[in-house]
Amino acid sequence: MTNNFVFEKDLAAKKIHVIREFNAPIEKVWKAWTNPDLLEKWWGPKPWVAKTKSMDFTVGGVWLYAMVGPEGQKHWSYVKFTAIENGSRFSTDALFCDEDGNTIPGAPVGHWDNKFVAAGDKTKVVVDLTFDDEADIKMLVEMGFEGGFTMGLNQLDELLAAQ
Amino acid sequence: MKRDVFQAIADPTRRAILALLALGAMTPNAIAAHFESTRQTISKHIQILTECEVLTQKKTGREIHYHFNPEKMKEIDIWLERFRKMWEDRFDQLDNLLNDI
């Protein structure tokens, strides 16, 4: 299967650039990225699930959700919508927070810019993730832990080692 | 405090020191001569880089040379590879969802 996945990092520019093609029309892909019920079905890398507490998909509105782990552990994220071009692009500022959406002053902010481009029956999604501060590279590490994928891969490593 | 390779690259001066030493080992004085900052500031950066294990010290007589340790820098690639894998998994899940809706 070809989906033209691109993952480029430019650490000096504090930037990660991701491109992916999906075999579905743009309306569906847009919905999957902006509807909390649908996000729950894919945003969390297994076995984590992204559970939404509230979402206000308007400019200045907030998506408050938790990545919920297999043992019930929760990592909350506060995602503020900073720009929306309906059906084609939206930008967010994402921070870690507590369950009431309180963020820590000075906490690192990830700036997301998500673009959706129709290509026939397919849709290309372009994600640019940037950080303000050099030190925010640390946030990337924490995001990794948040996603639980490090844990998941460690378990896989153990499993493979045990074979 | 336990230091990691991400702290090594989190600062532009430290990245410049790494780039310099990637070309060849140097004494602290030779490193400091490349920067406007005080010798003390550069020493502090060298200390952090050493604690992060991206630099190693070698003594020759009375002189200390700092060497770049590329093996340690690979940890960043390994970590980013895992980040990339997370995105791949996430997008595979989205593929399945798009088939269903």
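The values are calculated or read from the model by the stated rules, or taken from the named source; none is laboratory data. Because the structure is a prediction, the values reported are computed rather than measured. Cβ placement follows ideal geometry from the backbone for every residue including glycine, while neighbour counts extend to all protein chains displayed.
Of note:
- Matching option when the condition is within 14 Å of another protein chain (Cβ to nearest Cβ) and outside any loop (DSSP other than H, G, I, E, B), among A:A50, A:A24: A:A50
- Qualifying positions in the stretch A:59-83 - among the basic types (K, R) and within 19 Å of A:H111 (Cα to Cα): A:K80
- Residues that are within 16 Å of the chain's Cα centre (by Cα) and at the interface with chain B (Cβ under 10 Å from one of its Cβ atoms) within the stretch A:10-21 comprise A:I16, A:V18, A:R20, listed in sequence order.
- Filter result for B:I101 (within 14 Å of chain A (Cβ to nearest Cβ), at negative phi and either of a type in the set (A, V, I, L, M) or within 12 Å of the chain's Cα centre (by Cα) (or both)): yes
- Extreme residue, surrounded by the fewest Cβ atoms within 10 Å (Cβ to Cβ), among residues of the stretch B:11-37 that are small (G, A, S) and under 15 Å from B:Q47 (Cβ atoms): B:S37
- Conditions (1) modelled with pLDDT under 90; (2) in contact with a strand residue (DSSP E or B) (Cβ under 6 Å, 6 or more places away or on another chain); (3) of a type outside the set (D, E); number of the one not met by A:Y78: (1)
- If you go through the stretch B:48-89 and pick out every residue that is away from chain A (no Cβ under 14 Å), acidic (D, E) and assigned to a helix (DSSP H, G or I), you end up with 2.
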